[in-house]
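Below is one structure; the comments refer to it alone.
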Amino acid sequence: MTIAEALRLAEQSIDPRDAQYLLADLLKLGRATLLAHTERALTPQVADHFTHRVTARASGTPVAYIIGTREFYGRDFTVNEHVLIPRPETEILVEQALARLSEPLWPESRASARVLDMGSGSGVIAITLACESSWVKMTACDYSDDALEVARTNALLLGAEVEFIQSNWFAALHNRGFDLIVSNPPYVAGGDKHLAEGDLRFEPEMALTDGSADGLDALRTIIAVAPLHLSPDGWLLFEHGYDQADAARALLLKSGFENLICINDLAGIPRVSGGQIR
């Protein structure tokens, strides 16, 4: 069986682009290279492995879980069913955090920036910040031991220095202070129909929703408690749902945050908010 024949067969049950990515990864080729050599013959072992991948994808399993990796901010991260699949909008959160950690803006009196990533999952935010900012002292917490295992693996593979802590939000962080807190918490409303659709069916539910009717319980906790753990002039930045910007702003104001920001994604949808504690 050639690459062309394998792809034609796979495309009877899955999206052609998915088929190409699954086979390109299996052959350790770029997608462009794969399509430039479609006459190449596959070994029986590779063909069989590809068939299993196609079957998994046809049943709905996300491509990222089948391959075992997903690219984020220019790096490949290990992912599995215990963590969310990294999404492009989360890079906006990283960019906003890096903007506040940029050396010209960071007080010279501080040797390093103490940063906390809450609900770290696969560790993409914490590890990216650690890799991009040499002066960051990075801490990441998550309630799930399985997620933390994935995050620790990613930190080791990418050479990032991150302290990982098992914690239900701030519960295990007594007397710990930070200059910046970032979070991509669960914010999908409980009972939202999208939880039973597409890739979301396979991702960990506790990382997607806190079960509340408006999906804001986790953010309520983070925003209310964060001031107790932030240094003067410290920042809190977080991702939220497409329709939660106004509620997030109200919660920030209620907790005493100033210099509020709300950043849109490329589609013009507000997805990242935050504020500063004086």
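Suppose we keep only residues that are open to solvent by less than 50 Å² (accessible area, probe 1.4 Å) and within 19 Å of the chain's Cα centre (by Cα) within the range 258-278. Which one would you say is farthest from Leu230 (Cα to Cα)?
In this case the residue turns out to be Asp265.
Pairs only if they're at least six apart or on different chains, beta carbon under 6 angstrom, first in the range 166-195 and touching a residue at least 24 places away in the same chain (Cβ under 8 Å), second of a type in the set (Phe, Trp, Tyr) and open to solvent by 10 Å² or more (accessible area, probe 1.4 Å); list them, first residue then second.
Asn168/Tyr143; Leu180/Trp235
Tell me which residues, restricted to the range 29-42, are open to solvent by 30 Å² or more (accessible area, probe 1.4 Å) and either under 25 Å from Val150 (Cβ atoms) or in a helix (DSSP H, G or I) (or both).
Arg31, Ala32, Thr33, Leu35, Ala36
With the range 192-257 as the region, which helices (runs of 4 or more DSSP H) entirely inside it contain at least 1 residues that are open to solvent by 50 Å² or more (accessible area, probe 1.4 Å) and in contact with a strand residue (DSSP E or B) (Cβ under 9 Å, 6 or more places away or on another chain)?
The helices (runs of 4 or more DSSP H) meeting that bar are 245-254.
Which residue pairs have Cβ atoms under 6 Å apart, sit 6 or more places apart or on different chains, and have a first residue in the range 140-157 that is more than 12 Å from Asp117 (Cβ to Cβ) and touching a residue at least 24 places away in the same chain (Cβ under 8 Å) and a second that is assigned to a helix (DSSP H, G or I) and not hydroxyl-bearing (Ser, Thr, Tyr)?
Short answer, once both residue conditions are applied: Asn154/Ile127.
The values are calculated or read from the model by the stated rules, or taken from the named source; none is laboratory data. Computed from a predicted model, the values in this text were never measured in an experiment. Note that we place each Cβ from the backbone using ideal geometry, even for glycine, and neighbour counts take in every protein chain shown. For accessibility, only protein heavy atoms count, side chains too; no ligands or nucleic acids. Shrake-Rupley method; radii C 1.70, N 1.55, O 1.52, S 1.80 Å.
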